[in-house]
Structure formats: structure tokens, C-alpha cells
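Values in this text are rule-based calculations from the coordinates and carry no lab data. Just so we're clear, the structure is a prediction, and the values are computed from it rather than from any experiment. Here the Cβ positions follow ideal geometry from the backbone for every residue, glycine too, while neighbour counts run over all protein chains shown.
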Amino acid sequence: MEPTEIQEFSNQLKEANEGEKSKEHGEPLVNISLAISILAVLVSMVTVLGHRSHTEAVLAQARAGDQWAQYQAQKIRSDNTLVAIDLLHLQPSSDAAAVEKKVQEYMLHEEKWKEELKEDMAKAHEFEGEVSHAELQAGRYDLGEALLQIGVVLCSITLFTRQKLYFLLGLSLGVMGVAVAASALLVH
């Protein structure tokens, strides 16, 4: 049930309650309608937080993929340089000093690239950690949203059945939904 539908339903009930002469009947319905409205607002808030967490997970995954692509490109460049060094050593040359100078130049590049490869790998793992964190948060927001939605439905059933059990169960699930959604903020 969408928040706008809940509001319309609440308005219809309020109008129906105004027609009743007994205030005894109308008061609980107003409280139930208010609870449903509050739960609907909470559903909307948790839904937005869940969507933002899912988006963050997707963006972090893209950053991790880009970082792994950079790592792979640098690794290929490093491997190609090692092959060039091997070829320079195997190929006969009339200027051994020039070959050795070039080999030393390549070796300096290799040392630098080894550090860069370690940094690139660490960054990629960091982005993957962000993905895991965002997915854990999103999962809790999704569960909280589901519990809140079920709470709204159960509270709505109370309006039809006039049985307090549905209302209490709906509120309980709503409180659990808020608690689960709030626990997403504690995920590390």
C-alpha cells in the first residue's frame, strides 16, 4: 500500500467516523490511522536509505572494477618489460654497455611498478570492502522496509476487523523494522 493510498484511506475513515455518534468508536480509529500514517512515513524513509545504499554498492563495485583494470594493465606492462629484458640479454649485441644501460633503466621501472601494483591492489580491495559494507547496509534497510510494510498492512487490517491483536502485531513489526533499519548504521 502506497503512502498516498494510506492517506486517502485514513481520510475516508475519518469522514465515516465523523458520522458516528459515539466518540468511543471513533477515537481508536483515529489512533490507528495515525499509527498507519507514521509507519508509512517510516517506510518511505527506510526505502530511500535502502536505495541510496544499493546505489553506493553499485558505484563502489564500478570503482573496484576500474581499479582492477588499472592493476591488470600495469601488470601486463610489467610483464612485457620483463620479456624485453630477457630478450635484450639473449640477443647478441655489438654494444654491451648500451644494452646493460637499457636493462638497468627497465629494472628501475620494474621496481617502481612493483610498488604501484601493491597500491593498486590495496585500493581495489578497499573498494571491494566498500561494496560489502554498502550491501550489508542495504540488506538491513530492505528487511526493515519489509517489516514496516507488513506492519502497515496489519494495522490496516485492524480497521476492518476491529481486532486489537492485528494492531499490536503491526506496531510490533513496525518497531522491529525501525530497529533493523537503524542497525544498518552500526554495520562496519
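In the chain, the longest principal axis of the Cα atoms and the axis of helix 23-90 are about 10 degrees apart. Subtracting the Cα-Cα distance of Ala96 and Gln163 from their residue separation scaled by 0.36 nm leaves 14.6 nm.
Longest span of the chain, sites excluded, free of trypsin sites (Lys or Arg not before Pro) in DSSP loop with at most 13 other C-beta atoms within 10 Å?
Result for the longest clean stretch: 22-161.
For the chain, lysine pairs separated by 8 or more sequence positions, or belonging to different chains, with Cα-Cα distances below 28 Å total 18.
How large is the helix-only mean residue ellipticity at 222 nm for the chain, computed as the sum of -39500 (n - 2.57) over DSSP H runs with n ≥ 4, divided by its residue count, in deg cm²/dmol to the nearest 500? After summing the helix terms and dividing by the residues of the chain, the value is -34000 deg cm²/dmol. Based on C-alpha pairs under 8 angstrom that are at least 6 apart in sequence, the chain has a relative contact order of 29 percent.
Stokes-Einstein diffusion of the chain at 37 °C, 0.692 mPa s viscosity, Kirkwood radius from Cα pairs, rounded to a whole number: 153 µm²/s.
A full extension of the chain between His188 and Lys112 corresponds to an added length of 24.0 nm, given 0.36 nm per residue minus the alpha carbon distance. Extension gain for Val103 to Glu126 (0.36 nm times residue separation, less C-alpha to C-alpha distance): 4.8 nm.
Give me the angle, in degrees from 0 to 90, between the Cα long axis of helix 164-183 and the longest principal axis of the Cα atoms of the chain, rounded to the nearest 10. Computed tilt is about 20 degrees.
For region 99-180, what class follows from the C-alpha gyration tensor (a ≥ b ≥ c being the square roots of its eigenvalues): rounded when a/c is under 1.5, otherwise prolate if a/b is larger than b/c, else oblate? Mind dumping the intermediate values first?
Details: a/c = 15.58, a/b = 8.35, b/c = 1.87.
Prolate, because a/c is 1.5 or more and a/b exceeds b/c.
Rounded to the nearest 20, the Cβ-based charge dipole of the chain about its Cα centre (Lys and Arg +1, Asp and Glu -1) stands at 540 debye.
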